[in-house]
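Q: First the structure, then my questions, so here it is.
Derivation of every value follows stated rules applied to the coordinates shown; laboratory data play no part. Quick caveat: nothing in here was measured; it's all calculated off a predicted structure. FYI the Cβ positions are ideal-geometry reconstructions off the backbone, even for glycines, and counts take in every protein chain you see.
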Amino acid sequence: MSHQYCPRCATPLIERHASERLRLLCPAADCGYVHWNNPLPVVAAVVEYQDKILLARNAAWAEPMYALITGFLEEGETPEEGVARELLEETALVAESVELLGVYEFMRKNELIIAYHVRASGTVSLSPELAAYKLVEPAELRPWRAGTGLALAEWMRRRGLPVQFVERPGQ
């Protein structure tokens, strides 16, 4: 597990059962901290821009991997506000409309993805977080079989496009 010390009092955490699961707990009598390890909410955008879908490559990823624009929610923000903010921060594009596609699990990273179809306008200017982007004709999209790829497949199905999965994004 990733945490070793209590974030409240710095006592080394121990594993014990809580709520029928093995959890990391603080053994300090006056603390009571439990690391629940709940999934993190992530927003994702199928960005429709200039009648194409914008896919981006994170600066930390190897080529040719491209995926949807994603990010974590900030405190006090709705998922709709979060996806619009992430789009603006990462691409400088403005969300003109935001429509919920669905909610998807991404167990490998302990995330819960809230995905949207976002129509965007403006001029693309990538943040340092992104290395590149490409615009793809909707009929040429090839979603991947996990996380945001499932959201992309749902967007395609709603438009009557055939869905052909690839094993990894960018293929």
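Q: In terms of the Cα gyration tensor, with a ≥ b ≥ c the square roots of its eigenvalues, is region 98-171 rounded because a/c is under 1.5, prolate because a/b exceeds b/c, or oblate?
A: Cα axes put region 98-171 in the rounded bin.
Q: What 222 nm value per residue comes from the helices of the chain, counting each DSSP H run with n ≥ 4 as -39,500 (n - 2.57) and dividing by all residues, nearest 500 deg cm²/dmol?
A: For the chain, the value works out to -4500 deg cm²/dmol.
Q: Let me ask something else. Taking θ = phi - 60°, what integer Hz values does the Karplus form 6.51 cos²θ - 1.76 cosθ + 1.60 yield along region 35-48, in sequence order, with x for Gly and Pro?
A: Calculated HN-Hα couplings, in order: 8, 6, 6, 6, x, 8, x, 10, 9, 9, 10, 7, 8, 9 Hz.
Q: Do any chymotrypsin sites (Phe, Trp or Tyr not before Pro) in region 1-69 lie in a DSSP loop with no more than 13 other beta carbon atoms within 10 Å, and if so, which?
A: Filter output for region 1-69: 36.
Q: Give the label of the value calculated from the structure for mean projected area of the Cα convex hull in nm², choosing from [x] 9.7; [y] 10.6; [z] 11.9.
A: It is the one labelled [z].
Q: Then there is this: Among 111, 96, 81, determine the one that fluctuates most according to a GNM of the chain built with springs between C-alpha atoms less than 10 Å apart.
A: It is 96.
Q: Now for a separate question. Using the alpha-carbon atoms, what tilt in degrees (0 to 90, nearest 10) does helix 148-158 show relative to the longest principal axis of the chain?
A: That works out to roughly 40 degrees.
Q: Compute the signed sum of charges (Lys and Arg +1, Asp and Glu -1) over the other residues within less than 10 Å, Cβ to Cβ, of residue 155.
A: Net local charge, residue 155 excluded: 0.
Q: Using only the alpha-carbon atoms, how far is helix 79-91 inclined from the longest principal axis of the chain? Give it as 0 to 90 degrees, nearest 10.
A: Taking the Cα atoms of the chain, the angle to 79-91 is about 60 degrees.
Q: Okay, next question. Looking at the chain, send over the antiparallel percent of its DSSP beta bridges, to the nearest 5.
A: 75
Q: Would you work out the charge dipole size for region 45-90 about its Cα centre, treating the Cβ of every Lys and Arg as +1 and the Cβ of every Asp and Glu as -1, and quote it to the nearest 20 debye?
A: Around 300 debye, computed over region 45-90.
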